Amino acid sequence: MAAESQQYSSGGAISIRNVTKVYDPDGVNVLAVDNCSLDIAPGEFCVVVGPSGCGKTTLLNAIAGFHDISSGEIHLDGKLLCRAGLTPEPGADRIVVFQNGALFPWYTVLQNVTYGPEVQGRTKNEAKGAAMSLLSEFGLADIADHYPGELSSGMRRRVEIARALINDPRVLLLDEPFRAMDALTKGVVHEFLLQAYDRVKKTVFFITHDLEEALFLGTKVVIMTTRPAKVKTVINVDFPRPRSFRLRSSQRYLELKEMVFDAVHEEAAKAFAAGERELA
Amino acid sequence: MTSFSTPKPLSHPASDSFSLSATDRFRHAARRFLSSPGPYLGLTGIVSLLLFWYLTTELFALPRFSKLPGPVAVWTEFTSRNPTYGTSLFSPEYYKHILWSSWRVAQAFFWATILGVPLGLLMGWQRKIRDYVFPVVELLRPIPVLAWVPLAILMIPGREAPIIFLAFLAAFFATTLNTFLGVESIDESYFRAARCLGSKPRDVFLRVVFPGSMPYIFTGMQIGVGVAWFSLVAAEMVSGEHGLGFLIWDSYVLSQYPVVVIAMVTLGVVGYLYSAIIRLVGRMLMRWTVRTGG
Amino acid sequence: MATINWKKLRKAVFSKTVYRGTASIAVLLALWELGRWLRMPILGAAPAPSEVIFLLREIVFAPDFWENWSASFKRVLTGFVAAQIIGIPLGLAMAINRVARDTAFPVLEIMRPIPPLAWVPASIIFWPTTESSIAFVIFLGAFFTVVLNVLGGARDIDVRYLRAARSLGSRPQDIFFKIVLPATLPSIFTGMAVGMGITWEVVVAAEMIAGKSGLGYLTWSSYVGGNYPLIVIGMISIGIAGYVSSSLIRLTGKLAAPWQRLF
């Protein structure tokens with residue numbers, strides 16, 4: 001082990017108990033999440049799959065502290081995080097990687113990575129040192145002085161993951177981070193994320209509507225129903241780690257995929273029909 | 001220890017751009033520009049304009065046009081060491097007027113930026129402040145700045161202050177509202193990301209709100225300096241003792257028509273220079289938007 | 001939907017935002033009134049709201065007051081309509097024809113930085129009547145904005161629409177009338193709305209400098225004549241007139257480009 005490499009803390013057990021969320025835009029109640037319960041062990045890679053707009057993001061936002069929930073409770077490491085009327089402050093122990101990316105375009109890669117440590121009170125030099133060692137560990141040192149606008153989307157996501165990990169969060173929350181990427185880029189970023197995960201062993205709460213992505217990345221795959229979101233099935237994916245892209249052509253993977261595909265397809269069809277109704 | 005086997009960065013703007021030197025690239029661009037029809041057509045347009053002006057006013061002296069000063073008369077006056085009406089390239093008077101107007105716009109612009117940018121930022125950032133301030137701004141904004149002329153003269157003591165106030169007012173609205181729009185334009189996820197990373201409100205303001213609205217701030221400043229000149233000219237015409245607006249009106253009253261045109265063109269040039277300088281400063285301060293292009 | 005969402009309406013009317021806005025305007029007016037009666041430095045020099053309201057009760061029945069309104073409106077309309085008639089076709093021509101664009105654009109760029117009001121004396125010298133010279137300056141005020149907006153709008157059309165139209169078998173006139181024109185419509189109305197704002201700025205100043213009637217003249221002559229509350233009434237009138245004009249344009253724009261509401 002290299003002495004200067006960052007030490008990562010453990011912890012990060014999430015317990016979601018009977019969570020319900022009702023939105024009230026324009027006086028019309030919309031039930032987004034309905035009595036949803038889920039337990040995630042420390043260091044588990046949990047992937048939540050569901051059709052677009054099903055309320056997965058609502059759950060993630062509640063954990064992150066962007067909004068409250070209507071009933072139920074969410075605990076982090078045994079401590080109450082969120083219940084009706086109690087919205088947690090967003091904090092560096094639960095860092096989100098956003099759907100469309102939220103690297104600050106006005107800061108360079110290095111400045112983006114040092115942002116967290118700096119606002120949390122570390123000196124500029126400390127932050128810079130830590131950021132540079134993390135960036136080189138992740139193979140990103142060459143682009144430290146570039147602006148996000150100059151990078152490819154895959155590169156930006158890697159930097160964003162690095163920006164989150166430097167803060168040593170308890171949970172990493174990823175909100176469909178690879179949504180708008182082509183398959184080749186996606187493959188590369190998946191490997192990056194898996195390598196990063198194997199290194200830091202953080203709890204990961206990953207949202208996607210891509211089943212293949214879920215099976216390839218996750219330890220636990222949670223399939224949600226269409227809106228209002230409920231847990232439909234939980235699948236434990238026991239492929240050994242480190243995983244490589246070759247996993248995707250293995251027999252076991254294909255079998256598993258076959259098994260869960262029907263469940264997801266059923267929900268997708270329901271969501272599509274519901275969308276048609278909404279427009280009519 | 002296993003090191004990350006991540007492939008090399010995909011994008012390397014510094015290395016995959018052409019390995020040409022700056023002068024080479026400039027020469028290349030210049031050659032391409034000159035071999036396209038664009039510059040020649042543009043030249044044709046401008047020459048036609050001047051020719052039209054010359055033919056109608058001086059050569060054929062068409063009715064009505066003949067009263068206007070022609071390009072030859074204006075040029076002769078402008079370049080004369082001993083100008084008939086006292087205003088030319090070589091008369092200190094000319095530069096005095098330019099300096100007066102520039103100084104007034106600079107003051108107006110300074111105050112509009114100092115007050116307008118923070119106000120716009122606070123309005124966009126804090127809902128409470130927006131709720132209190134925005135209705136007042138919206139109530140006053142439909143009134144054209146130039147309708148303030150009499151009230152400004154009445155309320156503000158002195159000769160100089162009312163004129164600067166009018167130019168200030170015009171720039172202030174543009175700067176404040178554009179800054180406000182700039183904050184509104186910042187994607188919500190940047191605020192969320194900032195809070196996730198442990199920002200205090202001060203960090204959000206200085207590191208997200210301010211840099212994020214920078215492009216709009218500079219647009220606002222550019223519009224602001226433009227409308228400041230616009231208003232200044234009117235204010236100087238109505239109640240000035242110096243300045244280019246005053247020069248235009250005074251020369252008209254004294255029937256020194258070539259000077260009217262000299263002052264008009266000068267106004268255009270100085271106004272253009274002002275906004276060009278702001279654009280340049282903006283580009284230097286916002287390297288991230290320039291490099292992002294494409 | 002025809003039914004009114006009462007819950008939503010009640011939320012909108014009795015919101016904190018409305019309450020705060022009303023409060024800040026009320027405080028401002030009170031301060032202004034107080035400043036007048038306490039002879040405070042800057043505020044004290046302006047006529048108080050009560051004086052303005054008192055005079056307003058008389059003036060709304062005076063016919064000359066409304067004649068000033070119509071005089072200004074007529075001037076704005078003349079110059080503004082002229083700017084549209086010349087500006088929109090010019091902008092479109094510059095957008096679709098490269099030669100026209102390359103020739104005319106530098107000329108416009110050279111003329112544009114000269115503030116419209118700097119043209120007032122030259123306009124008076126050239127045009128036979130005061131009325132026509134004011135209309136010309138108003139025309140100039142709106143003209144450049146209109147041309148540049150139309151040009152920008154037409155040049156910004158997504159090239160995919162043009163390609164789609166071509167692959168569907170359009171003739172050049174189809175492309176112009178069915179693609180370029182509707183796609184530019186929103187920019188045309190934006191240009192009009194901005195141009196309208198400039199137009200009122202210009203008409204006020206031109207009337208102050210060289211007019212014998214109109215709201216700008218009313219405001220200036222009230223100052224010269226010492227009838228200070230009338231200055232404020234003039235200003236408010238100009239504000240309302242300008243606001244109504246641009247609202248009308250925005251409304252027309254919404255009706256003319258209904259697909260815009262979807263975005």
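Search the range C:211-231 for residues being hydrophobic (A, V, I, L, M, F, W, C) and more than 7 Å from chain B (Cβ to nearest Cβ), and hand back the single one that is surrounded by the fewest Cβ atoms within 10 Å (Cβ to Cβ).
C:V224
Between C:L108, C:L92, C:L117, which is surrounded by fewer than 23 Cβ atoms within 10 Å (Cβ to Cβ) and within 14 Å of chain B (Cβ to nearest Cβ)?
C:L108
For the range A:41-48, check the following and say yes or no: at least one residue is at pLDDT 90 or above, under 30 Å from A:E266 (Cβ atoms) and acidic (D, E).
For the range A:41-48, residues at pLDDT 90 or above, under 30 Å from A:E266 (Cβ atoms) and acidic (D, E): present.
Does B:L247 count as assigned to a helix (DSSP H, G or I) and under 30 Å from A:N100 (Cβ atoms)?
Against the criterion (assigned to a helix (DSSP H, G or I) and under 30 Å from A:N100 (Cβ atoms)), B:L247 does not qualify.
Go through the range C:120-134 and give me each residue that's surrounded by fewer than 24 Cβ atoms within 10 Å (Cβ to Cβ) and hydrophobic (A, V, I, L, M, F, W, C).
The answer is C:A122, C:I124, C:I125, C:F126, C:W127.
Any residue at all in the range B:271-293 that is at pLDDT 90 or above, at negative phi, touching a His at 6+ places or on another chain (Cβ under 9 Å) and assigned to a helix (DSSP H, G or I)?
Within the range B:271-293 (the criterion being at pLDDT 90 or above, at negative phi, touching a His at 6+ places or on another chain (Cβ under 9 Å) and assigned to a helix (DSSP H, G or I)), the answer is no, since none of the residues qualifies.
Kindly state which helices (runs of 4 or more DSSP H) lie completely within the range B:154-235 and contain at least 2 residues that are out of contact with any Cys (no Cβ under 9 Å at 6 or more places or on another chain) and more than 29 Å from A:L165 (Cα to Cα).
B:160-185
Consider C:I134 carefully, then state whether it is within 18 Å of B:W249 (Cβ to Cβ) and within 11 Å of chain B (Cβ to nearest Cβ).
Criteria not met by C:I134.
Let me confirm something: among A:D175, A:D168, A:D182, A:D210, which residue is closer than 15 Å to A:Q99 by Cα, acidic (D, E) and in contact with a Ser or Thr (Cβ under 7 Å, 6 or more places away or on another chain)?
A:D175 is the lone residue from the list that is closer than 15 Å to A:Q99 by Cα, acidic (D, E) and in contact with a Ser or Thr (Cβ under 7 Å, 6 or more places away or on another chain).
Would you check if B:G245 is buried (at least 22 other Cβ atoms within 10 Å of the Cβ) and facing chain C (nearest Cβ under 8 Å)?
Against the criterion (buried (at least 22 other Cβ atoms within 10 Å of the Cβ) and facing chain C (nearest Cβ under 8 Å)), B:G245 qualifies.
Check A:E118 against each of (1) closer than 29 Å to B:M286 by Cβ; (2) more than 15 Å from the chain's Cα centre (by Cα); (3) of a type outside the set (S, T, Y); (4) away from every other protein chain (no Cβ under 12 Å) and name the one condition it does not meet.
(4)
Quick grid of which residues meet (1) at the interface with chain B (Cβ under 9 Å from one of its Cβ atoms); (2) basic (K, R); (3) out of contact with any strand residue (DSSP E or B) (no Cβ under 7 Å at 6 or more places or on another chain); (4) under 20 Å from A:V47 (Cα atoms):
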position	(1), (2), (3), (4)
A:Q99	yes, no, no, yes
A:F104	yes, no, yes, no
A:L110	no, no, yes, no
A:K124	no, yes, yes, no
A:R156	no, yes, yes, no
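Against the definition (in contact with a Phe, Trp or Tyr (Cβ under 9 Å, 6 or more places away or on another chain), of a type outside the set (S, T, Y) and within 14 Å of chain A (Cβ to nearest Cβ)), how does B:M214 come out, yes or no?
So B:M214 fits the description; yes.
Please give the helices (runs of 4 or more DSSP H) falling wholly within the range B:1-79 in which 3 or more residues are within 14 Å of chain A (Cβ to nearest Cβ), over 30 Å from C:V99 (Cβ atoms) and modelled with pLDDT under 85.
By residue number, B:13-16.
Would you check if there is a residue in the range A:195-217 being outside any strand (DSSP E or B) and among the small types (G, A, S)?
Yes.
Here's the yes/no breakdown for (1) among the aromatic types (F, W, Y); (2) surrounded by fewer than 18 Cβ atoms within 10 Å (Cβ to Cβ); (3) touching a Ser or Thr at 6+ places or on another chain (Cβ under 7 Å):
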| residue | (1), (2), (3) |
| --- | --- |
| C:L43 | no, yes, no |
| C:A48 | no, no, no |
| C:V52 | no, no, no |
| C:E58 | no, yes, no |
| C:D64 | no, yes, no |
| C:N68 | no, no, yes |
| C:F73 | yes, yes, no |
| C:G79 | no, no, yes |
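Within the range B:95-132, which residues are closer than 19 Å to B:W249 by Cβ, of a type outside the set (G, A, S) and in contact (Cβ under 8 Å) with a residue 24 or more places away in the chain?
B:K96, B:H97, B:I98, B:W100, B:R104, B:V105
For the range A:73-92, which positions are within 9 Å of chain B (Cβ to nearest Cβ) and in contact (Cβ under 8 Å) with a residue 40 or more places away in the chain?
Listed by number, the list holds a single entry, A:A92.
I'd like to know if the range B:86-98 contains one or more residues that are buried (at least 16 other Cβ atoms within 10 Å of the Cβ) and among the hydrophobic types (A, V, I, L, M, F, W, C).
yes
The values are calculated or read from the model by the stated rules, or taken from the named source; none is laboratory data. As the structure is a prediction and not an experimental result, all values here were calculated from the model. Don't worry about glycine lacking a Cβ; one is built from the backbone with ideal geometry, like all the others, and counts go over all protein chains shown.
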